[in-house]
Amino acid sequence: MDKPARQTVRYLHTVDGVHLAWAEAGSGPVWVKAANWLTHLEYDWQSPVWRHWIRFLADQFHFVRYDERGCGLSDRIVSDVSHEHKVADLEAVTDAAAPGAPVTLLGISQGAPVCVDYAVRHPERVSRLVGGLQTCHRGQRMGVFAERGGAPGAKDDKHHVAGTPGDDLHAQRQLWLEHERIGQKRK
C-alpha cells in the first residue's frame, strides 16, 4: 500500500512584496488550486471540510495550493486584495511550483474566475481548467466544468471530469464578464 501524501509548506514573495504561503503534496501531473476565501494550509489539511478533497487530490497528483493574501499562513495585513493581484499570486505560485510546465488549474468559488483569467493570459501554461462554480449567467446553476480536456493523468479512469460549457476559454471568460456585469447592476 502506498504511503499517504504529506504536504510541504513553502513561502514566496510576490512582486508587490507580499509573503505568500503555498503547499505541495503528492506526485504526478501538477494540479494547482487557486485560493478561495478563508484558507489555512495547516488547518485545511486536518479539516473535516477539506481534508478528504486535499488528500484525494494529493494521492492522485502533485497537488499545489496556497493561502491567499490576508489569510492563513500568508501575510495578514495587505494593502491590495484586488482580482488583478489574485491572478498575479496564482502566477507566482504556479511559477514556483512548476516553472515553465503546463498545469491543471482548479478553481473553486472565488478561485474560478482567477483561474479563467490566468488561463486566458497564459494558455501555454494550462493543460486543463477545472472549476466548481456556484452560479453563472442569469442565475443558472453550473456544475463542474473542464476546459481543454478532462483530467487525464489521474491514476485511474474513474476520476475524469467533464461538463460544460465546452473547451472555448474565450467563451468562458465572456460568461464571467457577463456574470460580473450583472452583479455590478445589482449593487
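Which residues, taken from region 1-52, are farther than 18 Å from residue 109 by Cα, without any contact (Cβ under 8 Å) to a residue 40 or more places away in the chain and of a type in the set (D, E, K, R)?
Within region 1-52, 3, 6, 42 qualify.
Which residues, counting only those in region 34-44, are within 16 Å of the chain's Cα centre (by Cα) and either crowded, with 16+ Cβ neighbours inside 10 Å or on the phi < 0 side of the Ramachandran plot (or both)? Give the steps one after another, and end with the answer.
Quick first cut of region 34-44, residues within 16 Å of the chain's Cα centre (by Cα) only: 34-41, 44.
34, 35, 36, 37, 39, 40, 41, 44 - these are the residues of region 34-44 that are within 16 Å of the chain's Cα centre (by Cα) and either crowded, with 16+ Cβ neighbours inside 10 Å or on the phi < 0 side of the Ramachandran plot (or both).
Going by the conditions given, is residue 50 modelled with pLDDT of 95 or more and farther than 19 Å from residue 128 by Cα? Don't jump to the end; show me each part of the working.
Details: modelled with pLDDT of 95 or more: no; farther than 19 Å from residue 128 by Cα: yes.
So residue 50 does not fit the description; no.
Select from region 59-85 the residues that are among the hydrophobic types (A, V, I, L, M, F, W, C), touching a strand residue (DSSP E or B) at 6+ places or on another chain (Cβ under 7 Å) and under 17 Å from residue 21 (Cα atoms) and write down the one among them that is surrounded by the fewest Cβ atoms within 10 Å (Cβ to Cβ). Talk me through it step by step, then tell me what you get.
Here is the first cut: in region 59-85, the residues among the hydrophobic types (A, V, I, L, M, F, W, C) are 61, 63-64, 71, 73, 77-78, 81.
Add one more test, that the residue is touching a strand residue (DSSP E or B) at 6+ places or on another chain (Cβ under 7 Å), and what stays is 61, 63-64, 73.
Next, from what is left, pick out any that are under 17 Å from residue 21 (Cα atoms): 63-64, 73.
Working: 63: 28, 64: 25, 73: 19.
Residue satisfying both the conditions and the ranking: 73.
If residue 115 satisfies all but one of (1) surrounded by fewer than 24 Cβ atoms within 10 Å (Cβ to Cβ); (2) of a type outside the set (D, E, K, R); (3) closer than 19 Å to residue 37 by Cα; (4) at pLDDT 90 or above, what's the number of the condition it fails?
(1)
Just give me the residues in region 120-135 being part of a loop (DSSP other than H, G, I, E, B) and modelled with pLDDT under 90, in sequence order. I'd like the intermediate steps shown before the answer.
Kept after step one, since they are part of a loop (DSSP other than H, G, I, E, B), are these residues of region 120-135: 122, 133-135.
133, 134, 135, listed by residue number.
Kindly list the number of the only condition in (1) at pLDDT 95 or above; (2) farther than 17 Å from residue 40 by Cα; (3) surrounded by 17 or more Cβ atoms within 10 Å (Cβ to Cβ) that fails for residue 95.
That leaves (3) as the condition not met.
The values are calculated or read from the model by the stated rules, or taken from the named source; none is laboratory data. On a predicted model such as this, the values are computed, not experimentally measured, just so you know. All Cβ positions, glycine included, derive from the backbone under ideal geometry; neighbour counts span all protein chains shown.
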